[in-house]
1. What is the sum of charges around Arg165, taking Lys and Arg as +1, Asp and Glu as -1, for the other residues whose C-beta is under 12 Å from the C-beta of Arg165?
2. If I build a Gaussian network model for the chain, linking alpha-carbon pairs within less than 10 angstrom, which residue out of Glu163, Glu150, Glu16 has the largest mean-square fluctuation?
3. Please compute the net charge surrounding Val307, taking Lys and Arg as +1 and Asp and Glu as -1 over other residues with Cβ under 15 Å from its Cβ.
4. At each listed q (0.13 Å⁻¹), what is the log10 of I(q)/I(0) that the Debye formula gives for the chain modelled as equal alpha-carbon point scatterers?
5. Between Asn291 and Glu365, what length in nm is gained on full extension when 0.36 nm per residue of separation is reduced by their alpha carbon distance?
6. Going by how many other Cβ atoms sit within 10 Å of their own, how do Leu376, Leu317 line up, fewest first?
7. Considering the Cα trace of the range 184-276, what is its radius of gyration and what is Dmax, both in angstroms?
8. Neighbour counts of other C-beta atoms within 10 Å: give me His238, His215, His63 arranged from fewest to most.
Amino acid sequence: MSIEIAAEEAVTLTSELIRIDTTNTGDPDTLVGEKAAAEFVAEKLTEVGYEIEYVESGGRDRHNVITRLAGADPSRGALLVHGHLDVVPADASEWSVHPFSGAIQDGYVWGRGAVDMKDMLGIMLALARHYKRENIVPPRDIIFAFLADEEAGGKFGAQWLVENRRDLFEGATEAISEVGGFSISLKDDVRTYVVETAEKGIRWMKLRVRGTAGHGSMIHRDNAVTKLSAAVARLGQHRFPLVLTDSVREFLAGVTEITGWDFPEDDIDGAVAKLGNISRMIGATLRDTANPTMLTAGYKSNVIPSVAEAAVDCRILPGRMEAFDRELDEILGPDIEKEWMELPPVETTFDGALVDAMTASITAEDPGAKVLPYMLSGGTDAKSFQTLGIRNFGFVPLQLPADLDFSGLFHGVDERVPVDALKFGTRVLDRFFRAS
């Protein structure tokens, strides 16, 4: 079976996976769970002869599927290729097509998860099946992992597996997953593919203020809502200092080499804006962020509540945790209670044989292309796998139209992935697996 047939299957599998609703709200009472998708993946793998580990990680319908394809040299470190089965919610009334239709039209596969990240799952599954059918033996072991719960931090997916079933990843030294390997168009005649080598740390934080309850018609000097609102406003308006990490500096230097654009630190935001659609993603890696997202207080309009709470999404640069904490305390003051769930930053260097294989596999399919590292402003399951000493990269190779706002599709309305990009990614990852 030629790689082109596998590429066609990747398109079909991506569509079929999108049609399986795996919505993860983060709330056990409202999430759908990954069971149906995990069963689909397990069936497709066992159908061609794989022995799989089907792992239920607690909770309702939280399922993971892991398998290993033996390589020619078992003494070499294994390559972990992982993707998450869950997706964020979608409101069908806002979409041009139903978000779980998996529609293939106008040159795209449409639906929730098309780029985050059932596209990669479709490619992973197609290549795993292709290699088994054709008796293709890669240079080293490849561990394919289809995981639960990434969209809520991995408690029932990567985190749980690292804590309870690390034997499944024995010997793994390097890993690839989302969000990297996609093309951006900095010049009309040059495509640049960005590989994720770093990502900011995550802190999902709850702020709490206590006050004195009372009747809404009276004067209140100890109003929890007022005190919390003032603290949240200070935090939301605060601008954290500019910090250029090694990954960001290397990306900007590469852009300068390609385009001739300068990125002076006294106008870095203005300079980054020239990057077009990717400027939002790159701009968010120049400094820490703390964005208030939810407010909760009270139960009746004429009652002053005794407690008010706010949720804040914090994203913190590598090496900035202690400084961030000090700054946070100065902004909020002593009366604000804080609790949080935290996942660490990730960072590795853009060098070595694996990076060389990424570059070669891209340029073999797109001669003249450039490959650069970059930092992701969000987070992935790499945060869990780095605790095993695994070196992590974001590498889902997609050749994209220059005018496609790719970063805006993540968690967005009308999420979609080009059919040709899926086929391109299948060919590139096939080259990469054979050379890595």
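1. Values: positive: Arg166; negative: Glu53, Glu56, Glu163, Asp167, Glu170.
Once all neighbours under 12 Å are counted, the net charge is -4.
2. Judging by the Gaussian network model, the answer is Glu163.
3. Numbers: positive: Lys206, Arg208, Arg210, Lys227, Lys300, Lys338; negative: Asp222, Glu309, Asp335, Glu337, Glu339.
Charge balance in the 15 Å sphere: +1.
4. After summing over all Cα pairs, the log10 values are -1.18.
5. Details: separation 74, 0.36 × 74 = 26.64 nm, distance 3.99 nm.
Answer, rounded to one decimal: 22.7 nm.
6. Working: Leu376 23, Leu317 28.
Ascending Cβ contact count within 10 Å gives the list Leu376, Leu317.
7. 22.2, 68
8. His215, His238, His63
Each reported figure results from applying straightforward, stated rules to the coordinates on display, with no laboratory input. Computed from a predicted model, the values in this text were never measured in an experiment. Reconstructed Cβ throughout: ideal geometry from the backbone, glycine too, with neighbour counts over all protein chains shown.
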